[in-house]
Amino acid sequence: MTDIDTLFQNARLPDGRTVDIAVKNGQISAVAAGLRVAARESTDLKRRLVLPGLVDGHIHLDKGFIGDEWKPHRPCTAGFNVRERVEFEKQALAKAKPITVRAAGLIELCVSQGTTHMRSHVDIDPQIGLRNLEQVTAVRDAHRGKVSIQIVAFPQSGIVTAPGTRELLDEAVRNGADLVGGLDPGGFDGDIAGHLDAIFDVAERHGVGIDIHLHDGDLLGVFEIEEIARRTKVLGLGGRVTISHAYALGQVPRDIALRAANRLAEAGVSILTNAPGAHAFPPVLLLHEAGVNVFAGNDNIRDSWWPYGDGDLLERAMIVGYRSGFNTDAELALAFDMVTSSAARALNIRGYGLVESGPADFLVIDAQHVQEAVIARPKPRDVYKAGRLVARNGVTVSDVR
């Protein structure tokens, strides 16, 4: 090997090996012990644990209040209601700082914690049009050296009940959105077939993936989940469809959840969960054992939906594990996979991981293994994107002194 940009020496991998990592043009050229190569620069990692860059499988860059004034949470008037929550959100965002300011602040926060890839849902509706998409796209482009961002065109106000949205979703995909989203076909739009027809039509015509929010509970939600799996299988979209939240899977008897899990696995549909507080969520272990790709993301961070979150995906893995009753090393490793390899699989990130020819995206922490990383969420962290340091000690590199 010649012309290596950086040689990272004494890196301790999750499997316990201590190796050197050679990086050239932002990619890993070699991973082996005692590499003897000429490099423009070298960095001694001193046997600290090196993990692949964290992958946030679900976030909302256009909704957060990071970088803005504190906004007290406004509860729903009679228990949680998606439609009312959306209205409260619109009122709050009308008085918030521009998306370019808030989204940039949220990206910086997430990157400082170790996120190197994320999938952001961006609101699309007749009132907003494509404004949110345009602003998030601009912020994405400005930060592409720190994090890779996929954008989902998200019909937060529905499709069937919001005339013109179907056409806007089509336009959004033509103008930079990577996937098409959806929201509660039955509970919000009141037309399961009409809602799913629109989503799958846009996806099929443009050759993009689908990521649909599904809060609908109990048997209604399970019916929708199985219908999404059926359509995915018929259209050959396996590996390109995600159902986010899927609360219903945690609200029905085990045999019904297992039946749905088998259909999801057969169709190649992934399930996203953030294990939200005080709410049922999918049975992670049951789904995993059935062969479903289950992954995690932070979802909302300090916005109108709830005031929590700091962008730390290791903490999100801990929350998923804690709420799932995970205690064994294998279970804790599964929680870790949900914010790394499983999320990367759902997002179809090529060459992900600490492997030759893959992108040199990783973070370096003080932990013995991935189990301790999940339990202790150690800091400080050094974060690298394409082999370049982008964050250290909780701040992005532009702020490092």
Residues other than V208 with Cβ under 14 Å of its Cβ, Lys/Arg counted +1 and Asp/Glu -1, net out at -2
Less than 14 Å Cβ to Cβ from V86, Lys/Arg counted +1 and Asp/Glu -1: what total charge do the surrounding residues give? -4
Of C110, N300, I28, which is farthest along the charge dipole of the chain in the positive direction, counting Lys and Arg as +1 and Asp and Glu as -1 at C-beta? I28
Nearest 20 debye, what's the magnitude of the dipole of segment 281-394 about its Cα centre given +1 on Lys and Arg Cβ and -1 on Asp and Glu Cβ? 340
Once the convex hull of the alpha carbons of segment 1-126 is built, what does its volume come to per residue, in cubic angstrom? 172
Under the 0.36 nm per residue contour assumption, what length would be gained going from the current alpha-carbon distance of S398 and D255 to full extension? 46.3 nm
Check: segment 65-132 dipole with +1 on Lys, Arg Cβ and -1 on Asp, Glu Cβ, in debye: 60
Ordered by packing density, taken as the mean number of other Cβ atoms within 10 Å over each peptide's residues, highest first, how do 375-386, 209-220, 52-63 rank? 52-63, 209-220, 375-386
How much mean residue ellipticity at 222 nm does the chain get from its helices, if each DSSP H run of length 4 or more adds -39500 (n - 2.57) and you divide by all residues, to the nearest 500 deg cm²/dmol? -10500 deg cm²/dmol
Could you state the number of Å between the C-alpha centres of segment 180-255 and segment 92-110? 29
Once you list every other residue whose beta carbon is under 13 Å from the beta carbon of P126, what net charge do they have if Lys and Arg are +1 and Asp and Glu are -1? -1
Taking the Cα centre of each part, how many Å lie between segment 327-401 and segment 1-71? 8
Just how large is the dipole of segment 54-347 about the Cα centre, in debye to the nearest 20, putting +1 at every Lys and Arg Cβ and -1 at every Asp and Glu Cβ? 360
Ranked highest first by average number of other Cβ atoms within 10 Å, how do 126-137, 39-50 line up? 126-137, 39-50
From the cross-link list K63/K146; K95/K379; K24/K46, which pairs have alpha carbons spaced over 23 Å apart? K95/K379
With an 8 Å cut-off on Cα pairs and a minimum separation of 6 or more residues, tell me the relative contact order of the chain in percent. 20
Bridge orientation stat for the chain from DSSP, antiparallel percent rounded to 5, came to 40
With each label point set 7 Å from Cα along the Cα-Cβ vector, what nm distance links D218 and N327? 3.3
Tell me which trypsin sites (Lys or Arg not before Pro) from segment 320-366 have a DSSP coil assignment and no more than 16 other beta carbons within 10 Å of their own. R350
I'd like the orientation of helix 218-235 relative to the chain: the angle between its Cα long axis and the longest Cα principal axis, in ° from 0 to 90, rounded to 10. 70
Over the Cα atoms of segment 54-347, Rg to Rh with Kirkwood Rh, two decimal places? 0.93
Ranked by how many other beta carbons lie within 10 Å on average, peptides 66-77, 190-201 from highest: 190-201, 66-77
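Only the coordinates and a few stated rules stand behind these numbers; no lab work does. As the structure is a prediction and not an experimental result, all values here were calculated from the model. In this analysis, Cβ positions are derived from the backbone assuming ideal geometry, glycine residues included, and neighbour counts consider all displayed protein chains.
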